[in-house]
Each structure stands twice: as structure tokens, then as C-alpha cells.
Amino acid sequence: TQVDPRTGQFMVNFPLATLVGNNQLGPELSLSLRYSPLNTANAGFGRGFGIGLTQFNNRDNLLELSDGEQYRVMPGSDVVRNKKLDNFRFSYTNGFDAAAGFTVVWKDGKREILTITDDGQTFVTTSVISPLGRTMTLFWNWSGQYSRLSRIDDEFRTLLRVEYSYAVNMVFWPNS
């Protein structure tokens, strides 16, 4: 648990697993069950809970990063407001508008590609690329109201499979 020093809001972060793709060559992706009072949606984990992956909501202009930080983005732009540290860069993937999504480039060189979902407002992480160019691909299903993570693959195998019913079943390294 923690309190965001910038906003004073209470947050919970429960680590689930760290996936390292491509036979330990990367990229690395940490998954956690995360609670935020700013998240009022229930995408399968309960109201306010999410899986801890980078996403951007164009309606609310809210950027939620995989490290737990949250920022507001200037409407209609890729300019992050109140960003004090230079630990990431948020930009249009194609350089000039949101048509191709957004890219988050971390200080260590890791890139997260965000692609628009079926609601037309939310961009979710669909690819994580290591500084050496190795990739992990994230697949999402549309629940009718929210996008829900269904699978994570690296270049060789499936690393995670997620099934939603009355409970969420997460199977790490399903073919091992």
C-alpha cells in the first residue's frame, strides 16, 4: 500500500508475477493487481482494480503507467502535465496524432505501444519492446464495456492466459 505524494490518494499494489520473455532475453513485464480510487471501472477484478499495465484514456485524459504513476495529459495532445521527473516519454506513435496510438519510452529504452480499444477512447498496451528489439505481445478481449487482457505472448510461446467467468483465472506459463 502507498499514498501518492503528489495527490494524497491511497493505492494498493499486489505483485502477481514478473514475466521475462524470449528465453530471458527480454523484455521484462511486471504484473500486479492494483487499486486506484481514480479507476471506477470493474474490468473483472473488482471496482477500482486493474492489472497494472500502462493505459491512456482519451476521454478523461488520464495516463496510468505500469509503474503505478498517474498523470493528466493536455486534451488533444501528447503533452503530459505535472511531470517532474524525466523517466519516460509519452508521444504519438506516428509522430502527429492518435490514429496509430501512443508510445511510452522508458528511460532504460523499453517501449510500450498503446493501441485504441473498441470503446474508441481507451488505449491499452499491446506490445512491449526491449532496448534490443525483442517483443512481447498483449492480446485483449472486449467485454462489451471494457477491454480485458486475455493473453501475453513472447516471440516463442504464451507466457500468460487469462480467463474470465464468475472468477478470474490467470495461468502463468500455461504450456510448461
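Bear in mind that the values in this text are calculations on the coordinates, not laboratory data. Everything numeric here is computed off the predicted structure, so don't read it as measured data. Every residue, glycine among them, receives a Cβ derived from its backbone with ideal geometry; neighbour counts consider all protein chains shown.
Side notes on the structure shown:
- Neighbour-limited loop hits for trypsin sites (Lys or Arg not before Pro), segment 22-87 (at most 16 other Cβ within 10 Å; DSSP other than H, G, I, E, B): Arg47, Arg59, Arg81, Lys83, Lys84
- Its Cα gyration tensor gives segment 41-157 an equivalent ellipsoid, and the semi-axes of that ellipsoid, as √(5λ) in whole Å with the largest first, are 20, 19, 14.
- Computed from label points 7 Å out along Cα-Cβ, the spacing between Thr1 and Leu38 is 2.1 nm.
- Per-residue ellipticity at 222 nm, computed for the chain from helices alone with -39500 (n - 2.57) per DSSP H run of at least four residues, works out to -500 deg cm²/dmol.
- The length gained by stretching the chain between Ser165 and Val105 to full extension, at 0.36 nm per residue less their Cα-Cα distance, is 18.2 nm.
- Magnitude of the charge dipole for the chain, about its Cα centre and with charges confined to Cβ atoms of Lys, Arg (+1) and Asp, Glu (-1), is about 240 debye.
- Proximal aspartates and glutamates relative to Lys107, as straight alpha-carbon distance under 13 Å, when same-chain residues fewer than 8 apart are discounted: Asp67, Asp86
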